[in-house]
1. Testing Asp280 on (1) closer than 22 Å to Asn408 by Cβ; (2) more than 16 Å from the ligand (Cβ to nearest atom); (3) part of a strand (DSSP E or B), one condition comes back false. Which one is that?
2. Please verify whether Ala174 is of a type in the set (A, V, I, L, M), touching a strand residue (DSSP E or B) at 6+ places or on another chain (Cβ under 6 Å) and over 22 Å from Ile346 (Cα atoms), treating the condition exactly as stated.
3. Could you grab me the full set of residues in the range 304-323 that are within 16 Å of the ligand (Cβ to nearest atom) and surrounded by fewer than 22 Cβ atoms within 10 Å (Cβ to Cβ)?
4. Being at pLDDT 95 or above, within 14 Å of the ligand (Cβ to nearest atom), of a type in the set (S, T, N, Q) and over 27 Å from Gly65 (Cβ atoms): is that true of Thr296 here?
5. Taking the conditions exactly as written (free of Cβ contacts under 8 Å to residues at least 60 places away in the same chain, closer than 14 Å to Ile350 by Cα and buried (at least 18 other Cβ atoms within 10 Å of the Cβ)), does Gly419 satisfy them or not?
6. Since Ile92 meets every condition but one in (1) more than 26 Å from Ser358 (Cβ to Cβ); (2) surrounded by 14 or more Cβ atoms within 10 Å (Cβ to Cβ); (3) out of contact with any Gly (no Cβ under 7 Å at 6 or more places or on another chain), which condition does it not meet?
7. Looking only at the range 112-126, decide whether some residue is assigned to a loop (DSSP other than H, G, I, E, B) and either touching an Asp or Glu at 6+ places or on another chain (Cβ under 7 Å) or aromatic (Phe, Trp, Tyr) (or both).
8. Of these, Lys143, Lys160, which one is out of contact with any Gly (no Cβ under 6 Å at 6 or more places or on another chain), of a type outside the set (Asp, Glu) and free of Cβ contacts under 8 Å to residues at least 40 places away in the same chain?
Amino acid sequence: MKMREILLVAMALVVGNVSYGAQIVYPKSQNVTINSDKTFFVGNEQTDKVLKINGEIINLHPSGGFKHVVKLNPGLNTFVIDNGTEQKTFKITRPQPVVASNSVAVEPIIYENSVVISLSKDNVPLRSTPVDAGLNRLQHLPKGLEFDAIGEERGFYKVKLGRDGFGFISMDSAIKTDKNKTDYANIQCCTHQHGKNEKFLELFLDRQVPYSVTDIGTGLDISVYNVVNYMFQKYDDFIEGKPFGYSSYYNADGALIVSMKEFPKVNPQNPLRDIKITIDAGHGGSEAGAIGCLGTKEKDVNLKIAQNLRNKLENLGAKVFMTRDDDSYVGLNERVEKSNYFDADIFLSIHNNSLSDSMADRDATGTETYYFYPQSKELAKILAKSISDKTGFKNGGQRGQSFAVIRNTQSIAVLIEVGYMINPDDNSKLIDEDFQNKVTDGIIDGLERYLRQDDI
Ligand SMILES: [Zn+2]
């Protein structure tokens, strides 16, 4: 090849398909099946081009990014994207809606005689409703724990909790035993201990029975079920104080331990000093997370913000643990286990958001925060506001959600969706270093307000 040709080929490789037609990051291929009545085209094009989809002009953001919503009819939908010099055809199949025919609602089964079930794995959720998702978890319980099951409902055993209460255990997490009544426990003695910044409750039981620990904001409510010599076969206790992380478990001697960290007394001048913080940059390695309209990978933005935040926190005297500090894949359990081992006070998971096809027409932008335990709601609320105040992003508020990283951590835990990758304006800001700095200034400001308990 002549020099000029080599140069042209090299240029084409560097700029990719941006200069030779629009880059479409979503849908992921030109022939896809999407089971929704709408979807969107997300991508970018040079701003001097006029980009049309089936003849309709697509609005380009000054960055070149776009998100364009289209309706999908049942069957094959064809979309031609045209930038004046090149055309790309997308064939999107929407499956025919399935007509709910003779599907019979599954009625709950009530056993004639109760059956004893035994948990077949560790960390099994005891739920308040027979649904395998959401905020209905009462407690995670260890392998071998027994319940009296009185029936079945939607793939769950309905189990007795004390004389009058009920819960649900997934049928694939327990086995039926040949007993028909579980043994109840004697609570032999109970002690409350007060450690440094920590309160303990220690209950001595002659066998392991179901229990639940509920954070009610002003303390922890503890219920132990299937015990003898207590009203309704249920023992109740309480640890008073504002929880700052807690854990509960049966120790090697069979005692039930509930430990609660107390809210730290901080120096208002320097509230972050010695506070242990886990920063969890979402996704990584083979898992890119959401793809922005500019082709930006969520995992890269998450890591940039996480590293910037780490530097600022360390300068303020905080002790920081990063669940990842490069572009590597780390599983959700590993993130949680390492943070619990680090004994973090606060766990912050950094993410950026996307939308599902069915919500494609939502005008999604700005910051949302998520918490699982009530103890984390206050920080989630403060962070959504403090990030919004510093960045000018819309404050999308805080929501309860059952994400694994904020559910299984024993600390105050908040997941931050800083902005929307598929929103052209959000995407163009999120890749800007000055903007990332504002995001982390907002997080620092929120953490300091929270630790000082300013205007709360
Ligand atoms: Zn994410």
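The values are calculated or read from the model by the stated rules, or taken from the named source; none is laboratory data. Everything quoted here is computed from the prediction, not taken from an experiment. Ideal geometry is used to build each Cβ from the backbone, glycine not excepted, and the neighbour counts take in all protein chains shown.
1. Of the numbered conditions (1) closer than 22 Å to Asn408 by Cβ; (2) more than 16 Å from the ligand (Cβ to nearest atom); (3) part of a strand (DSSP E or B), the odd one out for Asp280 is (2).
2. yes
3. Lys304
4. no
5. On the way: free of Cβ contacts under 8 Å to residues at least 60 places away in the same chain: no; closer than 14 Å to Ile350 by Cα: yes; buried (at least 18 other Cβ atoms within 10 Å of the Cβ): yes.
It is false that Gly419 is free of Cβ contacts under 8 Å to residues at least 60 places away in the same chain, closer than 14 Å to Ile350 by Cα and buried (at least 18 other Cβ atoms within 10 Å of the Cβ).
6. Among (1) more than 26 Å from Ser358 (Cβ to Cβ); (2) surrounded by 14 or more Cβ atoms within 10 Å (Cβ to Cβ); (3) out of contact with any Gly (no Cβ under 7 Å at 6 or more places or on another chain), the lone unmet condition for Ile92 is (1).
7. No, because not a single residue in the range 112-126 is assigned to a loop (DSSP other than H, G, I, E, B) and either touching an Asp or Glu at 6+ places or on another chain (Cβ under 7 Å) or aromatic (Phe, Trp, Tyr) (or both).
8. When all the criteria are applied, what remains is Lys143.
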